[in-house]
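Worksheet: one structure, shown below.
FYI, it's all coordinate maths here, none of it is from the lab. Small disclaimer: the values here were computed from a predicted structure and weren't measured. Please note: Cβ atoms are built from the backbone with ideal geometry, for glycine as well, and neighbour counts cover all protein chains shown.
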Amino acid sequence: MRKNLTLTPGVRYELQTHVGNYANIGPRFGATWAPLAGGQTTLRGSAGIFYDWLPTSAYDQALRVDGFHQQEINIVDPSFPVPGTSGVIVPINRYVLGGAYSAPRITRISAGVDQGFWKVTRVALTYSYLRGSRLARGVNLNAPTDGVRPDPALASIIDVVSDAASRQHQLQLDASINPGALLPLSKGPRVSFRRITVFANYTLASLQNNTDGPFSVAPTGQLAAEWGPAAGGVSGGQGFGVPGVFVLGGGVGTTDIRSRLNLAVNNQVIRNVLLAINLNTNTAPPYTLLTGRDDNGDGIFNDRPTGVGRNTQRASGQTTINAMVGYVFAFGHTTALPPGIGVFGSGGAAQVRTVDQGTARYRLQLFVQAQNLTNERNYLGYSGTMTSPFFGRPTTVGGMRKIDAGINVSF
């Protein structure tokens, strides 16, 4: 519209095999306005409708565990440690993907401000609200009535329907300090503090929904009673990923993690020497308290104590520090390349700059990198089953320290 005002209307149509609903038209609109003459302050806003895709895992399960290709049986009170068939064996389960499935729809609005300081620092604050509808959940078509199933030859027949929902509020703060482009590495003064960049991102969010996945059956039978923090762990249809589309303040997840902090420092103060360190930390994800019994007699062991909602428990937070150090040998005649374009920063604080791509013909890089440098114990797999000896305790530890060394040659 004007030099300081950009409007970006658009529309996208989604169509996917095995999804019966074809009315997936997603209009979206964005605006960016720099009200001041210097262009240091930028206001942004966007709104749109987006669609998620059918999870490949759900389609795979419906094909395999159909009662014929692969059979799933329930053994009540099995022997231990070898289950065998000494317990009570009930008929097999089936999973189907019927015509009631529709592509999950996400309605999203966001607004933010981006402010520059001293030409090398930018800070952005973005708020976004996401409303999910037509999310997938499971319905037992063969649930027993007075202890008798409609089809006694089978146990549970789980179909996927699209009537669940979700709500997310997210406040995201991005900051970057970038006194100079990191490239080209082998040019410029031997020592320069302009070759330091710092990126930071903090997210405060709340994500609520009433489904744990396409084949997740509500033990209460009522969606209203299933509303609670989102536990994630299911790809496609339960979160707000927008395939192939960048949205302002993106990076949302499928789990109700209230706080996330990401901090990255890239250091090339000494020419040809690479130093990088990043910190990732987040608060505890939720999990559900279970009785460990089939209290409602539907053949599915996902019952909760009376009056307890979904995902009322919290596990433990996660923290990881990664680091890398390297040295680059550059030799050979310099190869002239046209100017490139680099994006520096993250989120609303990103900057687009042209970069001199002239570089030596040959590059040999030696590096050592460490994942989870401090060997932080990030506990996972908390058990919410009250009858388990591991109740309330983690069952695994993820991402232990790993150190790699390598050589990279480019020409």
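What whole number of Å gives the distance from the Cα centroid of segment 1-79 to the Cα centroid of segment 284-318?
Using only Cα atoms to place each centre, the spacing works out to 28 Å.
What FRET efficiency comes out for the pair TYR129/ALA153, r = Cβ-Cβ distance, R0 = 51 Å, nearest 0.05?
Between TYR129 and ALA153 the formula returns 0.60.
Test of understanding: what is the full-extension gain from ARG314 to ARG64, defined as 0.36 nm times their sequence separation minus their Cα-Cα distance?
Extra length from ARG314 to ARG64 when fully extended: 86.7 nm.
Obtain the nm distance between the two label points defined at VAL269 and GLN16 by a simple spin-label model: each point lies 7 Å from its Cα along the Cα-to-C-beta direction.
The two pseudo-label positions are separated by 4.9 nm.
Can you tell me how much longer the chain between ARG401 and HIS169 gets when fully stretched, taken as 0.36 nm per residue apart minus their C-alpha distance, in nm with one decimal?
Stretched fully, the ARG401-HIS169 segment lengthens by 80.1 nm.
Return the distance in nm (one decimal) between the two label points of a simple spin-label model at VAL113 and TYR379, each offset 7 Å from Cα along Cα→Cβ.
A separation of 4.2 nm, rounded to one decimal place.
Stretch ARG293-TYR362 to full length: gain in nm at 0.36 nm per residue minus the Cα-Cα span?
18.3 nm
Name the residues of segment 118-149 whose amide N is less than 18 Å from a point 7 angstrom out from the Cα of ASN4 along the C-beta direction?
It comes to 118-119, nothing else.
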